[in-house]
Amino acid sequence: MIEIIVVSTLNGVLYGMLLFLMASGLTVIFSMMGVLNLAHASFYMLGAFFGFEITRRIGFWPALVVAPLLVGAIGMAVERYGLRRVHSHGHVAELLFTFGLTFVIKEVVEMIWGKLPADYRVPGSLDFAAFTLFSSDYPAFRLFVLLVSIAIFLALLLVIKRTRIGLIVQAALTHPGMVGMLGHNVDRIFMLVFGVGVALAAVAGVIAGPILITQSNMAGLLGPILFVVVVVGGLGSLGGAFAASLLIGLVQTFAVAFNVSLADLFGSTAAGEVLSVWLSDIWRVTVAQVAPILPYLLLVLILIFRPRGLMGTRDT
Amino acid sequence: MRNLLTSTALALTVLASAGLPAMAQETLKIGYVDPLSGGGASIGQIGMNQLNFIADEINAKGGVNGKQVEVVGYDNQLNPQISLVQVQKAIDDGIQIIVQGNGSSVAVAVSDFVTKYNERNPGANIVHLNYAAIDPVLTNEKCSYWHFTWDASADIKMEALTNFIKEDQNLQKVYLISQDYSFGHAVAGAAKRMLEAKRPDVEIVGDEYHPLVKITDFAPYVAKIQASGADTVITGNWGQDLALLIKAAGQAGLDVNWYTLYAGGAGAPTAIKQAGLENKVFQINEGINNQGYGPAEERAGALMSRFSDAPVYYPRMFNMMDMVFAAIEEAGSDDPGDFIPKLEGMKHDSFAAGDEGFMRADDHQFFQPLYISTLGALEDGQKFDEEHTGWGWKMAAAVPTESTLLETTCEMERP
Amino acid sequence: MNDGVVLELSGLFKSFGATEIIRGVDLEVRTGERHAIIGPNGAGKSTLFNLVSGHLSPSAGSIRLRGEEIAGMAPQLINRRGLSRSFQITNIFPRLSVWENVRCATLWALGYKYSFWRSIDGLDDVNARTEEILTEIDLLDRWRTPAGVLTYGEQRALEIGLTIAGNADVILLDEPTAGMSRAETERVVALIRKVSEQRVLLMIEHDMHVVFDLADRISVLVYGEIIASDTPERIKSNAAVQQAYLGTEAA
Amino acid sequence: MSEATVISRSVRASRGGLTAYAIWLALALALLLLPQLFPSRLALSTMSLMGTMIIFALSYNMLLGQTGLLSFGHAVFFGLGGYFCVHALNLAGDYGWPIPLPIFPLVGALGGLTFGVLFGAVATKRAGTAFAMITLGIGELVVSLALILRRFFGGEEGITTDRTDVLSFFGYSFGPQSQVYYLVAAWCFISVAAMYAVTRTPFGRICNAVRDNPQRTAFIGYDMGTVRFIAFSLAGLFAGIAGGLSAINFEIVNAAQMGAVESGSVILMTYIGGVGNFAGPIIGAILVTWLQLVLSDATQIWPLYVGLLFIGIVMFAPGGIAGMLAMQGPVIAAGKLHRVAPYYLLAAIPGAIAVIGLSILAETSHQFSIRAAYGPSITLYSLPFDVTSPLPWIVGLVLAAGGVWLFLRAARLARNAYEEAIAGGAA
C-alpha cells in the first residue's frame, strides 16, 4: 500500500510538472492577452521538431536555447501579421484564427519532417537512472523536467508580480488606451507576450519531445489536455495552472493504480444483480481503465460548480 | 493524379457522365482506399508505395493477362463514411478490385458496403481485399463472400503466440495490457483464454485496459506492472500507445519479456532501441526481414532501396497481390465474379520464407506460417536493420500453418 | 405598503471587497413621480441603478417594487415585473437593425417569450408596438439601419426606446443626455417628458438644467448616502447639498 | 402615422412575398432536378453527403452565427442522432415494425434533442471561452465513453444496418443511391425550411440579440441562459436529423463521427460559408465537402489549402463567402455592378496567379520531401517539373510574390470602386 502511494505520488508529480511545462505558455498568453491560443500545442510540436533537428546537428543544450527563440520569433510574426488583424473581430475570431493555425502548422510540419515519428532521444548527459525506488528506476531526465518546470513557474511568478514589465503587461490588458498614453507600445507588448508564450511551449517541446513521441500528430493528441489544465486551474491564473497540473497528474496516476469497478462495489448486493444486467458495459470498467478521461470529467464538473476554476479571478 | 486542374475537370466530367457502364479497359485498375492525408497517412502511404511497387513489377513482366496494372489511390482519411464515398468513386471509375487495410471500423464499413452493393446491383462484382484489418468479426459474424483477408486475425496470432510462450518454463506471471476497444479486448481475451487452457499454472497478475491514444505518460502503468511482479507482458497496443509504453518501461528499468502484435509497426523499433530492450520485445507476424530466404530478400531489398525514407513493407501484401494475379490468370478474367472461385482454397508459398499457406474458402481467411521474432543488434549475415536504428528482427520461432488454424463461425452467403 | 410608493429602497448597502460604495440608502419613489438622482462623480449613482435593476446584488438591505422584494433578483425577473432601465454607456444590439432592436424589446411584455413556432413578422401587435415606439423616439425613417452605425444621438434615443418598449411602468434612465449637444438634449428632454407621462421615472443626470426642468423630486447621493430627497425648490436651498457641491465647510 | 402603416405592412408582406416563394420553389426544383444533371453514382452519393452536411452546418450556425456560441463538440449530436437512428432501424428490421424508412431521421432528431437538452443544461450555463471548453470536454468524454460502452456504440467498428430491411415506402426499397438521394433531399428541404423559419420567430430574433449583447437581453426581460439552452437543444435536434440521414446513407455509424475531427470540419464549413448569412453554411457545406472529396484526389496536402482558406476568411472576410456575395447586394441594387466588376476581375487574375504560385511551392516542396521516392518529376497545371532543379521553386516564388503584390494593389482599387459605387448609390 505504501509502495502504491509513494510511487503514484512521485509519478503524479512528475507527470503534473510535465503538463505544467507544456501549459505554462498557454496560461501566460491568456492571462496577458485574453486569448486562448488553440494552436499552443502546435507551437509545442514545432519546438519538439526544431529541438530534434538542432540536437541532431549541434546538440541538445544549444537546441534548448535556439529552438524556443526560433519558435518565439515565428509566434511574434503570427501575432503581428495574423492575430492582431483579427483582434478587432472579437474573441470568437481569435479562437477561430488559432484553430485554423493548427491545420496549417501540422501540414507544414508533415511537409518538412514527414509523418513518421522522429528519432528524438534523451541527451546522453542525462540518460541515466537518478535513483531507484521499489525496484523502479527514475530517470535523471524526468527530474530535469521537474526542475525546469518549477524554475519556469517561479520565474514567471516573479516577472508578472514583481517587475515593472509584468505590471505594464497586465495593465495593457485592462486599459490598453491608458498604457498607450503612458508611452508604452501596446502592440509591441502583446507581440512580445505572444512570442514569450509560444517560446515557453517550444521549451516544453524540446524537453518533452524525447520522453514522449515526436510526431506530426502530437499536437492534436496533447492539445485538449492542456486546455483542461488551464481551464481547471482558472483561465489566466499561473498558480491555478500549476495546481491544476499537479491535481490532474495525481488524479490520473492514482486512478491508474486502483482497479475498482462498479462490480466490486455492488457485486454481491441484490441491487448489483439488477444493475449488472442494465449496465453490463460499464459494470466491469475499472477506475484505472477510465483514468485518462477523468480530466475531462473534472473539466466539465469544475466549470459547472466553480466556473472560475481553482484559482481564477475572471468569470469568463 | 497530381494535377489540380485536370483532376477537377475529371471530377466534373465524372459527375456529369450519365453513369456509363464500365467500359472494357486496356488496364487493370486497382483501387487503393486508405488514408493518404492527415494523421493516418504515414501508414496509408506505405501500402500505396508497396502496391505501386508490385504493379511496376508485374507490368515489367507484361502485366496480367496482357493488361497493365494501374493503382489508383483514394484518400479515405481513415473515416468510414468518406471511405464509402471513395469506394463509390472507384466503382464509377470502373474499378472492381478494392484494396483496403487500415482500421477495423473502415474495413467493416467497406466490406459491408461492398456486400450490399453487389447484392443490390447484380453483376457488379466488387471485391474487397483486406491486407491489415484483423478484427475477428470480419471472418466470423460479419464474413462476406466479397471480402478476403490476408493478415492473421487477432485470435490466430494469439493462438500461435501462446503455443510459443507455453514452452517457456521460466514463465510464471503474465501481465496483459491493451487498448480499451474491441481489438484490444479481442487480444487480451484470447490471451487469457488460451493461456488458462495451455498453461494453467501461469498466473495472470494484471488485465489492464487503457483508452485508445489518450495516454501521454505510461509511467503509472509501468509502475503497476513493476509492482505486480510480472515476468511477461502481452500487449495488443500499436502506434504511439506501444511506443510510449515501451519507452516508459525502458526508463523505469522494467525487466520483462514483451509479446506484441505490432512491434514491427512504424515508430516501434525506434522506441525499442531508445528503451534499450535488446531481445526483450517479441512480435508475431507473417514474416520479417533477415529470414535468409533469397527471393524475399531480393524483392524486399529492391522495395526498400526505392522507398528509403520509409523502409517498411507488408509481406502479406506480396502474398495478396501474387495470389490475386494468379487467380486472375487462372480464370482468364479480371472480373471478381470469375476469379473469386479460383482464389478460394488457393495454395500459395508465402513470401517470407516460401512455406505454404492457403486461402480457406469457409471464411476467406488466408492461413500462413507465422514467425516470432525479437529485435536486437544486427548479427553477421543479417542484412536489414529497422528504421535506421542498427537493430534488426531476428527469428525466434516459426509457427507452421497447421498450428494457426482456428474454427470459424462464418456462415457465408454465396451468390 | 405605503400609499403610492412604487419603489422603496431601505437600508441598502453594497461593498466591493473592503470598499463600501453604497452605505445605507433609503429612498421612496411614488406613482406618477419623475425622480432624479444627482451627486458628484463616484457617489455611487450607477451602482445604485445596478442594484435596483438586478445587475448587482446588494450586500444588505431591501429593494421593494410595489411591495415585492426584488433585491438580488436576476435582471430579467425584475424587468418582467415592470422595471426597465437604460445604460449610461450605449448598450444596444449593434448588428441588428433599429427595427429589430425595438421589436426584440417588445416581445416579452407582449407574451411571446421564447416562441419559436410563430413568425415574428406576422405578429401584428408586436409590429404595431414597434412602430409606436419608433415614432415616439423619432427613428422611424431609420428603421432599416443597423443600430451600430447610427449617430451618437440616435443611439441614445434608441437606448431609451429599448427601455420603454417593454411597457415597463417604472423606468430608470442613466444619464440620458450625457455627451449631447444643446439641441439634442432638448429633443431628449421632450422625449423623456413624453414617455414618462404614464410611468414612474427614476433618472441619473448631470445636466442640472435637465434635472430641474424635468424632475418632480430630487435625491442627492454623496459617498453612498442620500443626503437629501426633496422637491427641486427645496433641494436648491438645502444646506447639506450646497456643502456637498460647493465644498463650503469641508465635512 | 402614414409611414408607420407602410412599414408595418411591408414587414408583414415580406413574410410571404412572391420572391420568397420563388426562392423556395427554385430550391425544391433544384433538389428535384439535380440527379438529372448529375446521375452518376458518385455524384448521387456526393450530393447525399452534401445534403446531410448542409443540415449539420446549418444546425451548427444556430449556435455560432445566430446565438454567438462557439462549440467544439457539435458532432456529438450528429453522431448520437446517427446511433439512435441505426438502432431503431435494426430493431424495426428485427421485429418487423411497420415503419417506413423516411420516418427514421425523426428518431435521430429525438436522440439529438435528448442529448442536446442534457448537455445543454450543463454547457449553456456559461458562454464564450468557457462554453467552448465545456463542449470540447463533453466531446472528448462522449467519444472516449463510446469506445468503452461497446453494447450501444459498437466499439471502434461501429454499428451497421441495412436500410432495405424496413417496411418499403410506396414500393421504394431505398436500396439504390438515387432513392436515398431523394430521401436526403426531402429532409434537407424540410430542415432548411424549418431552420429558416426559426430565424424568423421571436426566439430567433432574441438569439441574435443574445449574440450581439447578452447582458442587455436580461434588461429586456430575457434570460440569456434559457435562450442559449433552447438554441443548443434545437441545434442538437437538427444535428440529430443530419446524423440520422448519414446513418441511412452510409448504413454505418461509429464513434469517430462524434469526434473532434468532425466537430472541427463543421466549424470550417460554417465559417468558410459565412456565419452572418443564412445561406452561408449551405455554401460552406457544399464547398468543403466537395474539397474533401475532390481536392483530396488532386493533392495529399489538401488540408493545408483548406486551413489556409479558413485562416484567410477569418482574417480578411469574416462574413465568409456568403458575406462577400451579400456585400454586392447594394451595388447591384444601385445598378453599378458593371462599374465594379472589372475591378474584381483585375483583382481575381493576380489572386489566381498567387494561388497557383503558392500551390506550386507547396506541391514542389511536398514532392521534394515526402514523395521523394516517387522521383523528382511532378506535373503541375499540365506542365512537367523537376523538383530538384531550381526552376519550379523560382517559378512558384515569382508567381506567388508577384501575384500577392499585384493582388494587394488591385484589391485596394476594387475596394475604392466598391465604396464609390455604394456612396453613389446612396446619394
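Do we find a residue being part of a loop (DSSP other than H, G, I, E, B) and more than 12 Å from chain D (Cβ to nearest Cβ) anywhere in the stretch C:154-166? No: zero hits.
Conditions (1) among the hydrophobic types (A, V, I, L, M, F, W, C); (2) out of contact with any Gly (no Cβ under 9 Å at 6 or more places or on another chain); (3) at pLDDT below 90, marked per residue:
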| residue | (1), (2), (3) |
| --- | --- |
| D:Glu140 | no, no, yes |
| D:Ser144 | no, yes, yes |
| D:Phe152 | yes, yes, yes |
| D:Arg163 | no, no, yes |
| D:Gly175 | no, yes, yes |
| D:Tyr181 | no, no, no |
| D:Ala185 | yes, no, no |
| D:Gly204 | no, yes, no |
| D:Ile241 | yes, no, no |
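Going by the conditions given, is D:Ser246 polar (S, T, N, Q), farther than 30 Å from C:Ala105 by Cβ, at pLDDT 90 or above and surrounded by 24 or more Cβ atoms within 10 Å (Cβ to Cβ)? So D:Ser246 fits the description; yes. Out of the stretch D:332-353, which residues are touching a helix residue (DSSP H, G or I) at 6+ places or on another chain (Cβ under 6 Å), of a type in the set (A, V, I, L, M, F, W, C) and over 9 Å from D:Ala414 (Cβ atoms)? If the condition is that a residue be touching a helix residue (DSSP H, G or I) at 6+ places or on another chain (Cβ under 6 Å), of a type in the set (A, V, I, L, M, F, W, C) and over 9 Å from D:Ala414 (Cβ atoms), then D:Ala334, D:Leu337, D:Ile353 are the ones that fit. Residues considered: A:Phe254, A:Phe242, A:Phe227, A:Phe194. Of these, the only one that is in contact with an Asp or Glu (Cβ under 6 Å, 6 or more places away or on another chain) and either modelled with pLDDT of 85 or more or not in a helix (DSSP H, G or I) (or both) is A:Phe194. Those helices (runs of 4 or more DSSP H) of the stretch C:1-107 in which 3 or more residues are more than 24 Å from C:Ile227 (Cβ to Cβ) and either over 16 Å from the mean Cα position of the chain (by Cα) or modelled with pLDDT under 90 (or both) occupy C:98-107. Applying the set (1) outside any loop (DSSP other than H, G, I, E, B); (2) farther than 26 Å from A:Pro117 by Cβ; (3) modelled with pLDDT of 90 or more to B:Ile95 leaves exactly one unmet item: (1). Which residues, counting only those in the stretch B:157-182, are under 18 Å from B:Leu244 (Cβ atoms) and either at pLDDT below 85 or of a type in the set (Asp, Glu) (or both)? Passing the criteria: B:Asp180, B:Tyr181.
The helices (runs of 4 or more DSSP H) falling completely within the stretch D:234-344 that include 2 or more residues that are more than 30 Å from B:Ser42 (Cα to Cα) map to D:280-290, D:302-316, D:320-333.
I need the full set of residues from the stretch D:178-209 which are among the small types (Gly, Ala, Ser) and farther than 30 Å from B:Gln88 by Cβ, in order please. Passing the criteria: D:Ala197, D:Gly204, D:Ala209.
Of the residues screened, D:Tyr196 is not one that is at the interface with another protein chain (Cβ under 7 Å from one of its Cβ atoms), closer than 20 Å to D:Gly284 by Cα and under 18 Å from the mean Cα position of the chain (by Cα). Selection over the stretch C:1-41 of residues that are touching a His at 6+ places or on another chain (Cβ under 7 Å) and among the polar types (S, T, N, Q) gives a count of 0. Collect the residues in the stretch D:208-246 that are touching a residue at least 24 places away in the same chain (Cβ under 8 Å) and closer than 24 Å to C:Arg81 by Cβ, keeping them in residue-number order. Matches in the stretch D:208-246: D:Val210, D:Pro214, D:Met224, D:Gly225, D:Val227, D:Arg228, D:Phe229, D:Ile230.
Taking every residue in the stretch D:346-367 that is over 14 Å from D:Val387 (Cα atoms) and in the same structural domain as D:Leu406 (by TED's automatic domain parsing) and pairing it with any residue that is of a type outside the set (Lys, Arg) and not in a helix (DSSP H, G or I), at least 6 positions away or on another chain, the pairs with Cβ-Cβ distances below 7 Å are D:Ile356/D:Tyr381. Quick check on the stretch D:44-60. Is at least one of its residues of a type in the set (Ser, Thr, Tyr) and within 14 Å of chain A (Cβ to nearest Cβ)? Yes, some residue in the stretch D:44-60 is of a type in the set (Ser, Thr, Tyr) and within 14 Å of chain A (Cβ to nearest Cβ). Being within 14 Å of chain D (Cβ to nearest Cβ) and without any contact (Cβ under 8 Å) to a residue 60 or more places away in the chain is a condition met by at least one residue of the stretch B:187-195. Note on the stretch D:218-233: among residues that are in a helix (DSSP H, G or I) and small (Gly, Ala, Ser), the one that is nearest to C:Ile164 (Cα to Cα) is D:Ala218. Can you confirm whether A:Ala202 is touching a His at 6+ places or on another chain (Cβ under 9 Å) and either more than 9 Å from every other protein chain (Cβ to nearest Cβ) or not in a helix (DSSP H, G or I) (or both)? Against the criterion (touching a His at 6+ places or on another chain (Cβ under 9 Å) and either more than 9 Å from every other protein chain (Cβ to nearest Cβ) or not in a helix (DSSP H, G or I) (or both)), A:Ala202 does not qualify. Scanning the stretch D:116-160 for residues that are in contact (Cβ under 8 Å) with a residue 12 or more places away in the chain, within 9 Å of another protein chain (Cβ to nearest Cβ) and of a type in the set (Ser, Thr, Tyr) yields a single hit, D:Thr160. Of the helices (runs of 4 or more DSSP H) that lie entirely inside the stretch B:291-396, those containing 3 or more residues that are surrounded by fewer than 19 Cβ atoms within 10 Å (Cβ to Cβ) and at pLDDT 90 or above span B:315-331, B:336-343. Among the criteria (1) away from chain D (no Cβ under 14 Å); (2) modelled with pLDDT under 80, the one A:Gly114 does not fulfil is (1).
Looking at D:Gly323, D:Gly312, D:Gly259, just one residue is in contact (Cβ under 8 Å) with a residue 24 or more places away in the chain, within 13 Å of chain A (Cβ to nearest Cβ) and surrounded by fewer than 18 Cβ atoms within 10 Å (Cβ to Cβ), and that residue is D:Gly323.
The helices (runs of 4 or more DSSP H) found wholly in the stretch A:76-162 and carrying at least 1 residues that are free of Cβ contacts under 8 Å to residues at least 60 places away in the same chain and touching a strand residue (DSSP E or B) at 6+ places or on another chain (Cβ under 6 Å) occupy A:140-162.
Per this entry, D:Gln215 is counted among residues that are out of contact with any Leu (no Cβ under 8 Å at 6 or more places or on another chain), within 8 Å of another protein chain (Cβ to nearest Cβ) and outside any loop (DSSP other than H, G, I, E, B). A single entry from B:Ile234, B:Ile246 fulfils the requirement of being assigned to a strand (DSSP E or B), under 23 Å from the mean Cα position of the chain (by Cα), surrounded by 24 or more Cβ atoms within 10 Å (Cβ to Cβ) and hydrophobic (A, V, I, L, M, F, W, C): B:Ile234. Checking each residue of the stretch D:35-42 against the condition of being free of Cβ contacts under 8 Å to residues at least 12 places away in the same chain, surrounded by 16 or more Cβ atoms within 10 Å (Cβ to Cβ) and part of a helix (DSSP H, G or I) gives at least one match. When the residues of the stretch A:128-166 are filtered to those that are more than 14 Å from chain B (Cβ to nearest Cβ) and more than 22 Å from the chain's Cα centre (by Cα), the one that is surrounded by the fewest Cβ atoms within 10 Å (Cβ to Cβ) is A:Arg164.
The values are calculated or read from the model by the stated rules, or taken from the named source; none is laboratory data. Here the structure is a predicted model, which is why all the values come from computation and not from measurement. FYI the Cβ positions are ideal-geometry reconstructions off the backbone, even for glycines, and counts take in every protein chain you see.
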